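Everything below concerns the one structure shown next.
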Ligand SMILES: Nc1ncnc2c1ncn2[C@@H]1O[C@H](COP(=O)(O)OP(=O)(O)O)[C@@H](O)[C@H]1O
Ligand SMILES: [Mg+2]
């Protein structure tokens, strides 16, 4: 078997219910990000099926995947992944532009979301003018702006000091309390424990 046909994930059978807060925990290289990319329509599986809100999402066109990603998934990454030299406000507005929301409404919604993240005074700052914790809160505001079905956070505290990381975890907890569905991916069992349910993954398998 050549390296390209090496399976990364095997025998994965996982159901995530609405308003659940689950964590996927496992060592580096165990397949957590791959699983998250499949759930989040950033990648397609070579076999098996994935359903999101009862729609089979495992074999969709690129366009349909992009549309669903925009409508239904909110991503939070370790490296924040904000657009550089673009204000916090514009970063949060971006998913609304793709969704075709008119300009006025967009500004208002993005502003409200940033205020809810405690960033009302930072809306015109560029990412490089913000602390790591602030950047991650902008990223969370962006993830939430389209009322996604699912929030996927991949090592969201990985680039933050422990105090700031704890603040971000509190925000994730609150998102769940507000009715969101949250999947937290982490290599750190202590971090994973914040969730209602922990899925352990090792060598591409749920254990
Ligand atoms: N695009 C890719 N092409 C081939 N192999 C990959 C790719 N991305 C990740 N892998 C491999 O898949 C395995 C799981 O990686 P990943 O899902 O990133 O793990 P984790 O997030 O748990 O650290 C690793 O062995 C990695 O080398
Ligand atoms: Mg990873």
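Sorted by mean Cβ packing within 10 Å, highest first, what order do the peptides 172-179, 82-89 take?
Ranked from most to least packed, the peptides come out as 82-89, 172-179.
For residue 81 and residue 177, FRET efficiency with R0 = 25 Å and r from the beta-carbon atoms, rounded to 0.05?
So, using R0 = 25 Å, E works out to roughly 0.50.
Counting other C-beta atoms within 10 Å, which of 198, 151 has the fewest, and how do the rest follow?
Sorted ascending by nearby Cβ count, the order is 198, 151.
When all C-alpha to C-alpha distances in the chain are sorted into bins of 10 Å, what percent of pairs does each bin hold, rounded to whole numbers?
In whole percents, the pair-distance histogram is 8, 34, 36, 18, 3, 0.
In what sequence, highest mean first, do 35-43, 128-136, 5-13 appear when ranked by Cβ atoms within 10 angstrom?
35-43, 128-136, 5-13
Using a Förster distance of 35 angstrom, determine the FRET efficiency expected from the C-beta separation of residue 131 and residue 5, and round it to 0.05.
0.20
Full extension from residue 44 to residue 121: what is 0.36 nm times the residue separation minus their Cα-Cα distance, to one decimal in nm?
23.7 nm
Gap in Å between the Cα centre of region 42-90 and the Cα centre of region 144-207?
Region 144-207 and region 42-90 have Cα centres spaced 17 Å from each other.
Each value in this text was obtained by applying a stated rule to the coordinates, not by laboratory testing. Just so it is clear, the model here is predicted, and its values are computed rather than measured. Counting neighbours? That spans all protein chains shown, and the Cβs are built from the backbone with ideal geometry, glycine included.
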